[in-house]
């Protein structure tokens, strides 16, 4: 592809020789770190095993010195190693990602197997704070203990949504739960608030930014349920990011991993591209809202939808204001005369 420029109001996009696009102002949505380290451990606060992924600072141009704690809550019956590619990519954007393995028994549901639960959030946070203070830990002194973000897939996403609401609904939560004050933002893939809870409830997120990412080919949790959950998130910022050509397992190393519930819809986007897309949008959303990264914020709220042919974004960044009739009329005129402007505005809701 030849190099050429495309000018849009407020944004300049540069098409690079390899066919990828970037903001001409210098920002690229690529990872900050070229390599990621990982290790397997036992979470001393609850006995779960876990895999931890963290940036390798060697040969990096990033000046970031402390990394938010990113807890990933897996889907039901999905082995934690199935998320290794996704977790590694998120870590490469400047996060320390922990993926815990929890086995639960729910006799009332006839279930015994891999299943996350809300108590892990506080347990993991306490464990990671201890790791940060442990001179023998690979993470010693590298974490920002006051910056926690949540990630999750399917049932794990529902655990995260109810936790943000500060609700404890069985079986996503047992006993009592108190949301830690350190939580800054969350991004969940392939989930809905009714997964596990069996009900749609308003998600009182207390201003905590939430992104719901979803494959348009997901038959396990259809996109309509994600849309309903997005509508129930009470406060912005919030986003619904649809990845086209992806089913329920676009986030795992392989489609329909062994032991997990089958999604009969075959993805049309390759597994590698699907994982990269979900991880990139998750990580940049978290950088935008947990780290106040203005370049990431511009990508999420403005340019990213136009740059990424596989993604459609609906986002609300502010509380809905009263309608201004003058602006409403002006909008009609602008988008009638310049129809391409509808795409540029990235379907941002009022």
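Residue-level analysis places residue 77 outside the set of residues that are surrounded by fewer than 16 Cβ atoms within 10 Å (Cβ to Cβ), in contact (Cβ under 8 Å) with a residue 12 or more places away in the chain and not in a helix (DSSP H, G or I). Checking 88, 30 one by one, the residue that is at pLDDT 95 or above, in contact with a helix residue (DSSP H, G or I) (Cβ under 9 Å, 6 or more places away or on another chain) and part of a loop (DSSP other than H, G, I, E, B) is 30 and no other. Among the residues of region 197-216, the ones that are closer than 18 Å to residue 285 by Cβ and in a loop (DSSP other than H, G, I, E, B) come to 5 in all. Taking (1) in contact with a strand residue (DSSP E or B) (Cβ under 6 Å, 6 or more places away or on another chain); (2) farther than 18 Å from residue 43 by Cα in turn, residue 100 satisfies each apart from (2). Quick one: in region 105-130, of everything that is under 14 Å from residue 155 (Cβ atoms) and exposed (fewer than 15 other Cβ atoms within 10 Å of the Cβ), which residue is modelled with the lowest pLDDT? Only one residue fits best here, namely 109.
Residue count for region 234-270 under the criterion of being in a loop (DSSP other than H, G, I, E, B), under 21 Å from residue 308 (Cα atoms) and in contact with a strand residue (DSSP E or B) (Cβ under 6 Å, 6 or more places away or on another chain): the result is 4.
For residue 146, are the conditions met, namely being in the same structural domain as residue 314 (by TED's automatic domain parsing), in contact (Cβ under 8 Å) with a residue 12 or more places away in the chain and more than 17 Å from the chain's Cα centre (by Cα)? So residue 146 passes the test.
Of all the residues in region 101-117, those that are assigned to a strand (DSSP E or B) and either touching a helix residue (DSSP H, G or I) at 6+ places or on another chain (Cβ under 6 Å) or more than 23 Å from residue 163 (Cα to Cα) (or both) number 1. When the criteria are applied in full, residue 21 meets the requirement of being under 23 Å from residue 310 (Cβ atoms), touching a helix residue (DSSP H, G or I) at 6+ places or on another chain (Cβ under 6 Å) and modelled with pLDDT under 95.
Checking each residue in region 277-294 for being part of a helix (DSSP H, G or I) and surrounded by fewer than 17 Cβ atoms within 10 Å (Cβ to Cβ) picks out only 294.
Restricting attention to region 307-324, which residues are out of contact with any strand residue (DSSP E or B) (no Cβ under 7 Å at 6 or more places or on another chain) and at pLDDT 95 or above? 308, 309 - these are the residues of region 307-324 that are out of contact with any strand residue (DSSP E or B) (no Cβ under 7 Å at 6 or more places or on another chain) and at pLDDT 95 or above. If you go through region 186-208 and keep only what is crowded, with 24+ Cβ neighbours inside 10 Å and modelled with pLDDT of 95 or more, you end up with 186, 187, 188, 189, 190, 191, 192, 193. For region 80-93, which positions are surrounded by 24 or more Cβ atoms within 10 Å (Cβ to Cβ) and within 16 Å of residue 260 (Cα to Cα)? Across region 80-93, the qualifying residue is only 83.
The values are calculated or read from the model by the stated rules, or taken from the named source; none is laboratory data. On a predicted model such as this, the values are computed, not experimentally measured, just so you know. Note: ideal-geometry Cβ built from the backbone for every residue, glycine included; neighbour counts use all protein chains shown.
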